[in-house]
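The values are calculated or read from the model by the stated rules, or taken from the named source; none is laboratory data. Computed from a predicted structure; not experimentally measured. Ideal geometry is used to build each Cβ from the backbone, glycine not excepted, and the neighbour counts take in all protein chains shown.
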Amino acid sequence: MKLVTVLSVLAGSLIVAGQVRAERTSTRLTPEKTSDHLYSFTIKVERLKTIDRGDLVEIHVTVKTKNAGAHIAKPHRSGKLEVFNGKESISSCDVQPTGREEELSFSFNVAVKYAEKSRFIFAETDPSQAEFGQGFYYWFYLKDFVESAVGADPEKKDRTIGKEPAYKTKDPRYCQLVFGPRAAGSVFFGGAILPAPPPFGPRAARSVWLVIDGEDLYVDRNGNGDLTEEGDRVTRKPLFQGGGFEVPEL
């Protein structure tokens, strides 16, 4: 009788253990949440620019294993990229990892215009139960990390001025300077954006408006959008002094 009881207990333990291994969990990663008790993720984004394919981002995902005893025995670890244009599926492909099991790296390129709904999925699965899809799944929308890394496009930056003076001329000329690593020298002048190098780094820190009104130049020196403040108006120098405008340091 005791033997039967022991066997029953062991059988019950195996069933419970089997149920734990058969679980399927899905965890969304965000810039604020990139780890749990099983894995730690490092996600880096670099912005590229090509003439024929438009803006691209190169994404690098590093996955570090934690708490070795909590993983599936002899797991299969894989990466998958799903690309969407809105609700339309464009492509789905496996991303081959490099490195060792304790620290795997995945790298891939994708067009910025597809980042909104496209996602990367990392999975730890049990090869013996592949048909059931059991395992630990981690995924993230590309846009979450693309936006936090490269910021908003300078071409879509706000073009409004908070407060303007009463101009003397009927046709003042406007120029907006965008400063910061993300801006990469972007200049908005008279309704057009002048060519600038490919943007990298965090979003632009600040912008400064310039307005030429005849013999006066208004400079939003502190970048607050108010061109009526004291010191914002600069008068053109006489020709014998070289002409032009002398603007104090911004």
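Of Val150, Val247, all but one fail to be at pLDDT 70 or above and within 36 Å of the chain's Cα centre (by Cα); the exception is Val247. Give the residue that is surrounded by the fewest Cβ atoms within 10 Å (Cβ to Cβ), with candidates limited to residues of region 88-109 that are under 15 Å from Thr42 (Cβ atoms) and of a type in the set (Asp, Glu). The qualifying residue surrounded by the fewest Cβ atoms within 10 Å (Cβ to Cβ) is Glu102. Tallying residues that are surrounded by fewer than 14 Cβ atoms within 10 Å (Cβ to Cβ), closer than 11 Å to Phe140 by Cβ and polar (S, T, N, Q) within region 30-47 yields 1.
So that you can scan it fast, the table gives a plain yes or no per residue for (1) part of a strand (DSSP E or B); (2) at pLDDT 95 or above:
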position: Thr42; (1), (2): yes, yes
position: Glu46; (1), (2): yes, no
position: Ile59; (1), (2): yes, no
position: Gly69; (1), (2): no, no
position: Gly79; (1), (2): yes, yes
position: Ser89; (1), (2): yes, no
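Counting only residues that are more than 15 Å from Ala123 (Cα to Cα), charged (D, E, K, R) and under 21 Å from the mean Cα position of the chain (by Cα), region 81-102 holds 1 of them. In the set (1) under 19 Å from Thr25 (Cβ atoms); (2) touching a residue at least 60 places away in the same chain (Cβ under 8 Å), Lys44 fails one condition alone, (1).
For region 221-246, the set of residues classified as in a strand (DSSP E or B), touching a residue at least 24 places away in the same chain (Cβ under 8 Å) and of a type outside the set (Lys, Arg) consists of Asp226 only. Take the conditions in a loop (DSSP other than H, G, I, E, B) and modelled with pLDDT of 90 or more and apply them to Tyr218. Does it pass? No: the conditions fail for Tyr218.
Just one of (1) surrounded by 14 or more Cβ atoms within 10 Å (Cβ to Cβ); (2) part of a strand (DSSP E or B); (3) modelled with pLDDT of 90 or more; (4) among the hydroxyl-bearing types (Ser, Thr, Tyr) fails for Tyr167. It is (2).
Look at His60 and say whether it is out of contact with any Asp or Glu (no Cβ under 7 Å at 6 or more places or on another chain), over 24 Å from Glu147 (Cα atoms) and surrounded by fewer than 17 Cβ atoms within 10 Å (Cβ to Cβ). Walk me through how you get there before you give the answer.
Numbers: out of contact with any Asp or Glu (no Cβ under 7 Å at 6 or more places or on another chain): yes; over 24 Å from Glu147 (Cα atoms): no; surrounded by fewer than 17 Cβ atoms within 10 Å (Cβ to Cβ): yes.
No, not satisfied.
Scanning region 105-141 for residues that are outside any strand (DSSP E or B), charged (D, E, K, R) and over 27 Å from Gly86 (Cα atoms) yields a count of 2.
Just one of the numbered conditions (1) over 17 Å from Thr42 (Cα atoms); (2) free of Cβ contacts under 8 Å to residues at least 24 places away in the same chain; (3) hydroxyl-bearing (Ser, Thr, Tyr) is not true of Ser118: (2). Determine, yes or no, whether Ser13 is modelled with pLDDT under 55 and either in contact with a helix residue (DSSP H, G or I) (Cβ under 6 Å, 6 or more places away or on another chain) or among the hydroxyl-bearing types (Ser, Thr, Tyr) (or both). For Ser13, the condition - modelled with pLDDT under 55 and either in contact with a helix residue (DSSP H, G or I) (Cβ under 6 Å, 6 or more places away or on another chain) or among the hydroxyl-bearing types (Ser, Thr, Tyr) (or both) - is met. Lys113 meets the conditions (1) modelled with pLDDT of 90 or more; (2) farther than 16 Å from Thr25 by Cα in every case but one. The failed one is (1).
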